[in-house]
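The structure appears right after this line, and notes come after that.
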Amino acid sequence: MPTVNNAQVNSAIISSAHILKGAADDYDALMQQIGDARIVLLGEASHGTYEFYRERATITQRLIAEKGFAGVAVEADWPDAYRVNRYVRNMSRDRSSVQALSGFARFPTWMWRNTEVVRFVEWLRAYNDGLASPSAKVGFYGLDLYSMFTSIEAVLGYLQSVDPEAAKRARARYACFDHYHEDSQSYGYAAAYGISLSCENAAIEQLRDMQANRFGALESEGNDSDELFYARQNAILVKNAEEYYRTMFRGRVSSWNLRDSHMSETLDALASHLSRTDKPAKIVVWEHNSHVGDARATEIGQQGEWNVGQLAREKHGGDTYMVGFTTHHGMVTAATDWNEPAERRRVRPGIAGSYEDLFHRAGIPAFMLLLRGDKNLESLLSQPRLERAIGVIYRPETERQSHYFHADLPRQFDAVIHIDETRAIEPLERTSNWETGEVAETYPFGV
């Protein structure tokens, strides 16, 4: 591929950019291009950026109100998100969105216990309350699989309420996990290295029972019950999480692929459950760019990893639409290591030659590029460049190695939203580290 002139690329970006001004019509062109797509995947370049949450919420509200989207599926654990689902559908005892979000008690709590998620959840509750038909209410669901022990408790709780004998059988099977004191990684390590027996068979047997309806009390409830669906998905999660934690000590690719396969399967199960006979359900997905952008367009995909975006495109083709997000500099809520407190950290300017640097040079504070169908932009931007990904951990001291990978943006996403300077998402529980924030860089003078 011939070398692309950066001045030519810059000119094309400026001429194609849809400038975002915080106006009601900012996303009119995006809504038009999404059209009748049934699965819209909205990314984020970090798990701790205020603007990414805000813009995803704005787009999602329009998808729900204008295009009839039936569910919001997020990068969160199934049981914790389902508590929020009950709240937004007015089916819980929680009195507020903050209370409904309290199930997100494990690291990283700020991903979902933050002010922007509170605002969106309250909006969704109010929207649902205004609908005439209960069946039209929009749900909130989790796609992830980290909640193995929480999901075990959810399965047992459900069975105890509908069939105590079935609950007794399930409790006997899941007792295999009791030795690990709800520590999933300890279980995975012990099972992977033969220190103790795997609980794989126990998880599979219980799932088979749930899928076969081997408990009389459920027969009259019907297979379309939301609560039965919730319980079965928890049983699926236990089975998949058990395999995930055994696999995570064998290598990144295997465990990553298991996780994204689970999220993809959960998304498909959710779409099937929410669909009516006359109308397939539409679902919007909130996950990191690394999950929603097509992995085949990245060096990570070339190493053998797949993701939700790739699997969705392969299965649903033009019924999918993917939006990525980028930023050049600002602040982010992140930790220095796993299970460490949330901090407000400074995001370094994008590396020279990266997509972030390229978009910064356009000189527009916030803009959107519709990549799908724009042959000129596709040609100019398809030369692989570095792209940044910040998860819940940010290590600026090893920025290039820890947070950048090569990608072909027009193949990865259908559209990209760039916000040049961003600020940190506000956690509901602010630590002193977060309140203080990172000291401003004063290089080269140190004053």
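The values are calculated or read from the model by the stated rules, or taken from the named source; none is laboratory data. All figures in this text were calculated on a predicted structure; none of them were measured in a lab. Glycine gets a Cβ as well: all are built from the backbone with ideal geometry, and neighbour counts include every protein chain shown. Heavy atoms of the whole protein, side chains included, go into the accessibility calculation; ligands, DNA and RNA do not. Shrake-Rupley method; radii C 1.70, N 1.55, O 1.52, S 1.80 Å.
At-a-glance table
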{"read-out": "With every protein chain in place, the range 135-216: carbon and sulfur % of accessible area (1.4 Å)", "value": "49 percent"}
{"read-out": "Additional length obtainable on full extension of the chain from His179 to Glu227, 0.36 nm per residue less Cα span", "value": "14.4 nm"}
{"read-out": "Helix 78-88 axis, angle to the chain major axis (alpha carbon atoms, nearest 10°)", "value": "80 degrees"}
{"read-out": "Value of [θ]222 nm, deg cm²/dmol, for the chain, DSSP H segments ≥ 4, -39500 (n - 2.57) each, nearest 500", "value": "-13500 deg cm²/dmol"}
{"read-out": "Quarter of Cα convex hull surface for the range 238-353, i.e. mean projection, nm²", "value": "10.1 nm²"}
{"read-out": "Of all accessible heavy-atom area on the range 1-113, the percent that carbon and sulfur account for (1.4 Å)", "value": "45 percent"}
{"read-out": "Whole-number D in µm² s⁻¹ for the range 1-124, Kirkwood Cα-pair radius fed into Stokes-Einstein, 25 °C, 0.890 mPa s", "value": "146 µm²/s"}
{"read-out": "Count of Lys pairs (Cα-Cα under 16 Å; at least 8 positions apart or interchain) in the chain", "value": "6"}
{"read-out": "Per-selection Kirkwood Rh - the range 62-176 (Cα, Å, 1 d.p.)", "value": "15.3 Å"}
{"read-out": "Helix 252-274 axis, angle to the chain major axis (alpha carbon atoms, nearest 10°)", "value": "70 degrees"}
{"read-out": "With Cα atoms, 0 to 90° folded angle of helix 226-247 axis to the chain main axis", "value": "70 degrees"}
{"read-out": "Computed over the range 71-166: relative contact order in percent, which uses C-alpha pairs under 8 Å that are six or more apart", "value": "46 percent"}
{"read-out": "Efficiency of FRET between Thr431 and Phe405 - r from beta-carbon atoms, R0 25 angstrom, step 0.05", "value": "0.25"}
{"read-out": "Neighbour count of at most 16 Cβ within 10 Å plus DSSP loop: longest chymotrypsin sites (Phe, Trp or Tyr not before Pro)-free window in the chain", "value": "1-192"}
{"read-out": "Sequence-separation-based contact order of the range 347-447, relative, with Cα cut under 8 Å and 6+ spacing, percent", "value": "32 percent"}
{"read-out": "For the chain, share of DSSP beta bridges that run antiparallel, in % to the nearest 5", "value": "45 percent"}
{"read-out": "Stokes-Einstein D (µm²/s) once Rh is taken as the Kirkwood radius of the chain over alpha-carbon pairs, at 20 °C in 1.002 mPa s", "value": "93 µm²/s"}
{"read-out": "The chain, relative contact order in percent, only Cα pairs under 8 angstrom and at least six apart counted", "value": "25 percent"}
{"read-out": "For the chain, accessible area per residue (1.4 Å probe, heavy atoms of protein chains only), Å²", "value": "43 Å²"}
